[in-house]
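Step one of this worksheet: look at the structure below.
The values are calculated or read from the model by the stated rules, or taken from the named source; none is laboratory data. In this text the structure is predicted, and so the values were computed from the model without any measurement. Don't worry about glycine lacking a Cβ; one is built from the backbone with ideal geometry, like all the others, and counts go over all protein chains shown. Heavy atoms of the whole protein, side chains included, go into the accessibility calculation; ligands, DNA and RNA do not. Shrake-Rupley method; radii C 1.70, N 1.55, O 1.52, S 1.80 Å.
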Amino acid sequence: MSVKGYLMQLQPFSVNDGDGIRTTIFLPGCPLRCKWCANPEGFQQAPLVGFYHRLCIGCGACAKACPQGIGIDLNQEREKCISCGACVEACPKGARKQLVSYADADQIIADAEKHSMFYQASGGGITFSGGEATSQLELLDYLSRRLYDMGFSLAIETCGWFDFDKVLPVLKRMDLIFMDLKHMDSQIHQKFTGVPNEKILENMKRLGETGAEIVIRIPVIEGVNATEENIRKSAMFVKEHLPKAKMELLPYHKFGFGKYEALGLPLPADEFATPAKERMERFFEILSDVGVERVEYR
Amino acid sequence: MSVTPRVEKIRQNYLNEKPHISCERARIWTESFKRTEGLPQQIRTAQAFYDACHELPVTIFEGELVVGASGEFRRCGILTPEYGWKWVDDEMDDFATRPQDPYDMTDEQREFCRKEIFPYWAGKSVEDTFLARASEETKKIGVDTGFLDTDSKWRGGIGEISPDYVDQLFPKGFGGIKKEAVERMEDLSETDPADMKKRDFYKSILLVCDGIIALANRYSQKAKEMAAVEADAVRKAELEEIAAVCAAVPENPPTSFREAIQFAWFVELGGIIAENPLALNVGRFDQFMYPYYKADEEAGKIDYDTALELVECLWLKYSEWVWVISSNTAGFFAGYTNFENLTVGGTKADGTNGINTISYMAIQATKEIKTHQPTLSCRIQPDCPAEFMEAVTELVSTGCGFPAIHSDRVGYQMLRNLGCDPEDAKDWNNCGCVVPHSRKTFEWTSSCNISFTAALEFALNEGKSRLTGKQVALPEKDPKTFTSYEEIKEAYFKQFSYMVKHGVISLITAQEINQKKAPRPFLSACNEFCLKNGADLVDGGAKYNIGPVFTGCGLAVTANCFAVIKKLVFEDKVTTLSELIDALNANWEGYEELRAKAQAVPKYGNDIDYVDSIAKELADYYYHDVTSYKDYYGHTFTTAFMGISNYLPTGKVLGATPDGRKATEPITEGVSPYTGSDTSSCLAALRSSAKMGHDIHAGGTLLNLRLNHDLVATPRGRANLGAMLQSYFALGGFHVQFNTVSNEVLKDAQAHPENYKDLLVRVAGYSTQFVNLSKSMQESIMARNAHESF
């Protein structure tokens, strides 16, 4: 029997999250509230419609289709929206987008399977991401079990905030696990992500039990965690607890906050910056000093 | 590694020279024909070739190692009035100023042509004869219309031949070919009428062999004379070597890599002098050149860099020759592109890996020379070595648009479907743009451009052109009175079949005229089987004779149009046929909302069966209709979805279309999606295209995609591109070619997002459509691009 759950999107032709050509399945429900997050639709496990003002031609087809009587500017009346998707169907310009939908797991599998030829030729596969994929455990368990049985190479990207023993069976199906390490200082971690880091660090320590290849990722952000001290501490933590794990340092890029506008949410503070190239080089050296292998999927 | 100073100098001279018309070849040809009245056409043609070889100016340009030119100019275009002169007469006053492919021509040259050349051919040329023979009905739909065009087959030389270097030219040399002709002639009876034509054929072979050998000897002599007065010792030695090489080839089989290179250029030059051909293909260059390279290298006579310099000199020669074509044809084949197709990679005829040093050298030469010729094609077999795939995708990443990348297996299957033996099919080379071909074949590979979208316009406009109001096709009822989708489809098929019929009529007429008026002794000499059979190419001398190829244009647009009619008019009923027709007549002005709805209907290229299945139905109908006809020689016609640049002129003559396209905008090429409409992912575009069932369209299929440069900027990115290609080929796709884009393009995309809806960029961890990104995100991607470009 199939299960259902909330889906942000299925992104084919992902080439930077693991080996080869991959399809990334984004599942919402992230327990963290990182202040730089560019995917706020991934916070809640609930259907969600976005409104892209830039694309709107003001034809009113959305308003005509809406069972709740909402007008063209959805964000003025968002509290009435039941995210049924009628306006998404009606809009000829794609100005209304279903950012989160209630999806059938078997349909997700069928869509991901379409590209199996590309995975085979490239050594790619399927990556679970978010939001936070582990927060919909029943859906994730079903998807990963079926896709594992179909022989696909699987990977997951996680924030690390989950109940390890419950998620372990899922993690054991993965060939590759990416876990984020946003800051070694729990207070700073809490300040920027809304949660302390102890649970995440405890989970990270146990990743060896999964048998998967492990990559610990740091989104390197000036103003948050881009200090030599933090990078060194992070690397030492990984070296101590996960001797075989690799690390990836991803320089933060400001890719705008279009989805905040689409959801009528206040924009995050503009206090974060991309680290300079030389700074990144320095951080790479630190990894190498500590003796952690660096990886990048570019 | 960069090119040598010599090559750079020749390259700069080439780039700075404007294409010129040379009247010399036309003058010699005309004078020769005046002298040979009464003789068989076969002999007259060969004699004219012989005379041209003896009289054409012989020029060795500064620093050249590979020599031979078709006229007095470096970038020279010649006239072939025996094929067509009327269009030259009509158009030559504007040659220098026309927007597509201009040529320089002096007033004296024009006066000379009008006085000395054209009057002789009046009423005699292939073009004259065709236009005299074609019915008014055929002309209305199929002469200079943009709906249905065959004029490259009756206004100019045919070309579309792959000279056989493997079994004919290199092992025999023209001296050997001549000897063979003499021997075979001795076996003919003087009294058997059946042998008369054969005798003429062999006589014509003797003339063309003597001609090309004489031309080479003239170059040898010229080099000797130049060497005698050359002060620079290095250049003097080079000229002496040129003299020795041209004395040896193409009369004798080449004995070195250097001689083989010069031989290959003389063959090309001979073909140019003979007929100013489209698609005189070089063939599998790496296969027939490698033995010479290997032998020389092992003997210590040549190293990689020396060979590369020679190859690059040859590449510049391929680029220097200018194909002279009518402005109508130039619309279809824009960019002086004469399609001297050169194939590397793939398997050998025995199925083993055929990739060798020359395969890589050809790719490197194309990367370094950066000119439009040769048209480089690569064959990719399922177990293509990663190193070769890297070389191919690395060339893609330079953004030059080369190479055309082909499935080794699908090419094989296409030739098998056309009846070729397995070992010949395995040895296929590419012809023109995307036509699987063999050096043993005679085939008109790009004969008739047929616009699918025009057929729909006729079905929905009572058989009239929407732009001119002229009745050009079958009368049809008022489009507002159609009552079902099926009825519209029937009306479309009726118009489409009418167009196919007139294409067939035009081509069999052109074939008959070409057979009588335009024998091809020189290119027949390059074909092993013509010699064996004692018959010219036009008389079926080749081993394989394949029916002319139709090229379908506008497949994606037309499928998209049908999807709109089906969904908006008959399923969702959000509009009526009446309103839709009014919108088309108004070029969508005042119907913006309806247009937006039409644009939102699923489009071909997104792996959506709703519309892809319509495209498949149109493609299948095309295949079955075209292949129901036999050509002048009794061979089945062939279908293709090629590209060239035919989506522009075919679009220019059409009114607005139901998919939301406005009047005169381009339609679509090959099996490519409509520009900007494949918004899902390039994997979806590949899957949509593969659904068309490529192998039955054995005249070739074409897919163009745009990629962000960033995607192929790293070896890992290129490996993924390679995997994507292999997947497409596994799905049955035949060809794909990529445009990779720079920041300038991205800036233009920012300013005109409507033109770039399909443009993919790598964001962070995934790739998506550039225009769907916010301004700030676009800016950051451009910043990164600049940062990461080589």
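Summary of computed values
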read-out: Among the residues listed as A:LEU7, A:LEU32, the single one being at pLDDT 95 or above, under 25 Å from B:ASP607 (Cα atoms) and more than 14 Å from chain B (Cβ to nearest Cβ); value: A:LEU7
read-out: Residue under evaluation A:ALA276, criteria (1) at pLDDT 90 or above; (2) within 14 Å of another protein chain (Cβ to nearest Cβ); (3) open to solvent by less than 20 Å² (accessible area, probe 1.4 Å), criterion not met; value: (3)
read-out: Count - residues of the stretch B:691-714 that are over 25 Å from B:ALA619 (Cβ atoms) and at pLDDT 95 or above; value: 0
read-out: Extreme residue, nearest to the other protein chains (Cβ to nearest Cβ), among residues of the stretch A:89-100 that are in contact with a strand residue (DSSP E or B) (Cβ under 9 Å, 6 or more places away or on another chain) and open to solvent by less than 40 Å² (accessible area, probe 1.4 Å); value: A:CYS91
read-out: Test: residue in the stretch B:726-746 that is assigned to a helix (DSSP H, G or I), modelled with pLDDT under 90 and of a type in the set (Asp, Glu); value: yes
read-out: Of the criteria (1) assigned to a loop (DSSP other than H, G, I, E, B); (2) more than 27 Å from A:ASP111 (Cβ to Cβ), which one A:GLY29 fails; value: (2)
read-out: Qualifying residue in the stretch B:363-374 (condition: of a type in the set (Val, Ile, Thr), in contact with a strand residue (DSSP E or B) (Cβ under 6 Å, 6 or more places away or on another chain) and in a strand (DSSP E or B)); value: no
read-out: Of all residues in the stretch B:597-607 being in a helix (DSSP H, G or I) and in contact (Cβ under 8 Å) with a residue 12 or more places away in the chain, the one that is nearest to the other protein chains (Cβ to nearest Cβ); value: B:LYS597
read-out: Filter result for A:GLY194 (within 19 Å of the chain's Cα centre (by Cα) and within 14 Å of another protein chain (Cβ to nearest Cβ)); value: no
read-out: Qualifying residue in the stretch B:56-70 (condition: closer than 16 Å to B:ASN276 by Cβ and at pLDDT below 95); value: yes
read-out: Flag for B:ALA690 being within 14 Å of another protein chain (Cβ to nearest Cβ), of a type outside the set (S, T, N, Q) and within 24 Å of the chain's Cα centre (by Cα); value: yes
read-out: Qualifying residue in the stretch B:13-23 (condition: in a helix (DSSP H, G or I), at pLDDT below 90 and open to solvent by less than 20 Å² (accessible area, probe 1.4 Å)); value: yes
read-out: Total residues in the stretch A:96-134, condition of a type outside the set (Ser, Thr, Tyr) and not in a helix (DSSP H, G or I); value: 17
read-out: Odd one out for A:GLN107 among (1) open to solvent by 40 Å² or more (accessible area, probe 1.4 Å); (2) farther than 30 Å from A:LEU147 by Cβ; (3) within 28 Å of the chain's Cα centre (by Cα); value: (2)
read-out: Count - residues of the stretch A:253-273 that are facing chain B (nearest Cβ under 10 Å) and open to solvent by 90 Å² or more (accessible area, probe 1.4 Å); value: 1
read-out: Residue within the stretch B:400-411 that is more than 26 Å from B:PRO5 (Cβ to Cβ) and open to solvent by 20 Å² or more (accessible area, probe 1.4 Å) present; value: yes
read-out: Helices (runs of 4 or more DSSP H) wholly inside the stretch B:270-351 containing at least 3 residues that are modelled with pLDDT of 95 or more and buried (at least 20 other Cβ atoms within 10 Å of the Cβ); value: B:285-298, B:304-320
read-out: Enumeration of residues in the stretch B:646-687 that are more than 12 Å from chain A (Cβ to nearest Cβ), open to solvent by 10 Å² or more (accessible area, probe 1.4 Å) and assigned to a helix (DSSP H, G or I); value: B:TYR647, B:LEU648, B:PRO649, B:LYS652
